[in-house]
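Nothing in this text is a laboratory measurement; each read-out follows from the coordinates by a stated rule. These figures come from a predicted structure and were not determined experimentally. Here Cβ is always computed from backbone atoms with ideal geometry, including for glycine, and neighbour counts include all displayed protein chains.
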Amino acid sequence: MSTFVETSSPDAEPILELVDVRAGYGSIEVLHGVTLTVNRGEVLALLGPNGGGKSTSLKVCSGLLEITTGDVRLAGRSVLGVSADKLARLGLCTIPEGRGVFPNLTVRENLMMCTHTGAKLDDIEAIAYDRFPRLGERRGQLAGTMSGGEQQMLAMARALSTNPAVLLLDELSMGLAPLIVGRLYEIVAQVAATGVSVLVVEQFARTVLGIADRAAIMLHGKITRVGPPDELAEELSSAYLGGKGQS
């Protein structure tokens, strides 16, 4: 099978790029020459079955996994070897699968962890509670005692408090009711409308396709198609979304 080559609109301004990236774990190669571009201010949905390499791609983007060959670029500059912490300070923020909140800290204490970026807690809380009023009602509650949807809101609030240029989302819908997932993706769309670029990994595509500007299908460690969501929706059959394994 030949490697897919992505083409972008001439008006597009790349903000995050994977260029012919190969990466994996030990002797097992997971990504086989992945080229993918997230443009400034767009929502790009990365879709496909578990085991296809989606989460591995996010780890590469966020600096958590070194690549074997290829390049990773942020705003046109190579960021190979740049740590995840430094990438976060440069404006690239990740919400990992499993939400990544501190369960034994309160909502307010979780938000306080974001002050290391230099932002004031009052400002962080104001933004978080304005976007997620439910968090304001539960500011003194331990995060681990909240519902899955509320924990995901807290994870998003923490990420957005840093005013990221690029937001990486890994399986936002995992374990959540469809109504909550729909609300969270409405917020993602609102965030993107402010100019934040979003790369979102999902196994279940229906909701994210409703807010995505473009979508990419990943299968067996390769990008097999990139295009408008309405066109790709027809290709996302059970052959793509019914797989099992670790992505």
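One table, with the values for the structure above:
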item	result
Rounded to the nearest 20 debye, dipole of segment 95-156 from Cβ charges on Lys, Arg, Asp, Glu	80 debye
Cα-based Rg / Dmax (Å) for the chain	17.5, 54
Exposure proxy order (Cβ contacts within 10 Å, fewest to most) of 116, 32, 220	116, 220, 32
Taking segment 130-247 and dividing mean pair separation by its residue count, relative contact order in percent (alpha carbons under 8 Å, at least six apart)	18 percent
Which of 132, 102 has the fewest Cβ neighbours within 10 Å, and the rest in rising order	102, 132
Of all DSSP beta bridges in segment 128-247, antiparallel share, percent nearest 5	50 percent
Dipole magnitude (debye, nearest 20) for the chain, charges at Cβ of Lys, Arg, Asp, Glu	540 debye
Dipole-positive endmost among 88, 211, 166 within the chain (Cβ charges, Cα centre)	88
Order of 120, 222, 86 - criterion: other Cβ atoms within 10 Å of each residue's Cβ, fewest first	120, 86, 222
Top positive-direction residue, dipole computed over the chain with Cβ charges, set 25, 198, 144	144
P(r) tail fraction, segment 1-136 - alpha-carbon pairs more than 26 Å apart, %	36 percent
Relative contact order computed over segment 26-125 (Cα-Cα under 8 Å; 6+ residues apart), in percent	15 percent
Whether segment 127-207 is rounded, prolate or oblate, judged on the alpha carbon gyration tensor where a/c under 1.5 counts as rounded	oblate
